[in-house]
Amino acid sequence: MRHDATLDDKIEAKVWKGEPGQCWVWLEGRDGGGYASIWWEGRIRQAYRVIYEHLVSPIPPGWDLDHECHNWLATAGLCEGGKCACRLCVNPEHCIPKPRGDNLKASVIWRKSVGYPVDKVT
């Protein structure tokens, strides 16, 4: 796909949407943390953030997007820390804006609850 393609074209070509309510799976590259990545506005960015801002609203400075689908996958035993499938989800309905500290705190609490080492927060 051309670098000058519209974001809507990229979403159409690179996202598998499945059934309503399911994750939208990014079919292209990943960044070093395993998150879906996209070439946008002259640089590589996290695709779920770009798509959220395009389809919903800007993310406030210093805030993260918490993947609600991570909780579903983790509860089902399908999350392996940094290899969690939610990192490829770009469905804006699955993302909840949170201040960075709240997002990190929720991650540590979840990791303790399932016995995953807290020092491996990624």
Amide H proximity to R30 below 5 Å, modelled H, separation 5+ or other chain, gives S37
For C95, distant residues with modelled amide H under 5 Å away
E68
Test of understanding: ordering K17, K10 by Cβ neighbours within 10 Å, fewest first, what list do you get?
K17, K10
A correct Karplus calculation of ³J(HN,Hα) over the stretch 25-35, with 6.51 cos²θ - 1.76 cosθ + 1.60, θ = phi - 60°, whole Hz and x for Gly and Pro, returns 8, 6, 9, 10, x, 10, 8, x, x, x, 7
Once phi is turned into θ = phi - 60°, what whole-Hz ³J(HN,Hα) does the Karplus curve with 6.51, -1.76 and 1.60 give for every residue of the stretch 7-15, x standing for Gly and Pro?
5, 4, 5, 5, 4, 4, 7, 10, 10
Residues meeting the amide H criterion for D64 (H placed from the backbone, H to H distance under 5 Å, 5 or more places apart or on another chain) are K98, R100
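Any chance you could run the full-extension gain for R43 through W16? It's 0.36 nm times the residue separation minus the Cα-Cα distance, nm to one decimal.
Values: separation 27, 0.36 × 27 = 9.72 nm, distance 2.29 nm.
Once the chain is fully extended between R43 and W16, it gains 7.4 nm.
A short reminder: the numbers here are calculations on the coordinates, not readings from a lab. Here the structure is a predicted model, which means the values were calculated and not measured. No Cβ is skipped: glycine too gets one built from the backbone with ideal geometry, and neighbour counts run over all protein chains shown.
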